[in-house]
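Peer 1: This structure is in structure tokens; I'll ask about it shortly.
The values are calculated or read from the model by the stated rules, or taken from the named source; none is laboratory data. Owing to the predicted nature of the structure, the values given are computational and were not obtained by experimental measurement. Cβ placement follows ideal geometry from the backbone for every residue including glycine, while neighbour counts extend to all protein chains displayed. SASA here: full protein model, heavy atoms, side chains in, ligands and nucleic acids out. Shrake-Rupley method; radii C 1.70, N 1.55, O 1.52, S 1.80 Å.
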Amino acid sequence: QVQLVESGGGLVQPGGSLRLSCAASGSIFVIRAMGWYRQAPGKERELVAYISNGGSTNYADSVKGRFTISRDNAKRTVYLQMNSLTPEDTAAYYCNVNGGLRDYWGQGTQVTVSS
């Protein structure tokens, strides 16, 4: 069984920062790309950022220059550093890990940007 445990969400004021973490555990023997998605109320889930097992990254246009994705392969953990947050970043954020044969999803962590 595979578990993805996310942490780091919360309430932050506009212009603030948060760092999300997602740690993979259990019977996952291969980890390829790792990424973050988000879903705001009434909207479809969208890709925020992903990072390959070689370290290549890709970002949604809306977060370029503000968010940074990174990973620690030894800890099987992916991070998302979010700076200069705006109310438009408010959403549930989901971790995604590609385990070779299938994708795994975290349970989601809420990020709310509000004054």
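Peer 1: Restricting attention to the range 58-113, report how many residues are open to solvent by 60 Å² or more (accessible area, probe 1.4 Å), farther than 17 Å from residue 4 by Cβ and more than 11 Å from the chain's Cα centre (by Cα).
Peer 2: 8
Peer 1: Next question. Is there a residue in the range 73-93 that is farther than 22 Å from residue 13 by Cβ and touching a Leu at 6+ places or on another chain (Cβ under 8 Å)? Outline the logic, then answer.
Peer 2: To start, the set of residues in the range 73-93 that are farther than 22 Å from residue 13 by Cβ comprises 73-78.
Narrowing the set further to residues that are touching a Leu at 6+ places or on another chain (Cβ under 8 Å) leaves none.
The answer is no, given that none of the residues of the range 73-93 is farther than 22 Å from residue 13 by Cβ and touching a Leu at 6+ places or on another chain (Cβ under 8 Å).
Peer 1: Working only within the range 60-106, note down all residues that are closer than 13 Å to residue 50 by Cα and of a type in the set (S, T, N, Q).
Peer 2: Listed by number, the residues that qualify are 68, 70, 77, 81, 96, 98.
Peer 1: Taking the range 18-54 as the search range and keeping residues that are outside any strand (DSSP E or B) and open to solvent by less than 40 Å² (accessible area, probe 1.4 Å), which one is nearest to residue 89 (Cα to Cα)?
Peer 2: Initial filter on the range 18-54 (outside any strand (DSSP E or B)): 27-33, 40-45, 52-54.
Next, only the ones that are open to solvent by less than 40 Å² (accessible area, probe 1.4 Å) stay: 28, 31, 33, 40, 52.
Details: 28: 30, 31: 27, 33: 23, 40: 8, 52: 23 Å.
Among residues in the range 18-54 that are outside any strand (DSSP E or B) and open to solvent by less than 40 Å² (accessible area, probe 1.4 Å), the one nearest to residue 89 (Cα to Cα) is 40.
Peer 1: Also: I need the full set of residues from the range 4-17 which are open to solvent by 40 Å² or more (accessible area, probe 1.4 Å) and within 15 Å of the chain's Cα centre (by Cα), in order please.
Peer 2: At the first step, the residues of the range 4-17 found to be open to solvent by 40 Å² or more (accessible area, probe 1.4 Å) are 5, 7, 11, 13-15, 17.
Scanning the range 4-17 gives 5, 7, 17.
Peer 1: Further question: Provide a single number: the residues in the range 58-97 that are in contact with a Gly (Cβ under 8 Å, 6 or more places away or on another chain), among the small types (Gly, Ala, Ser) and either assigned to a loop (DSSP other than H, G, I, E, B) or closer than 26 Å to residue 30 by Cβ (or both).
Peer 2: Number of matching residues: 1.
Peer 1: Checking residue 65 against (1) at pLDDT below 95; (2) at positive phi, which test does it fail?
Peer 2: (1)
Peer 1: Mind checking which residues of the range 98-115 are outside any strand (DSSP E or B) and among the charged types (D, E, K, R)? Please lay out each step first, then the result.
Peer 2: As a first pass, look at the range 98-115 and keep what is outside any strand (DSSP E or B): 99-102, 106-108, 114-115.
Hit for the range 98-115 is 102, nothing else.
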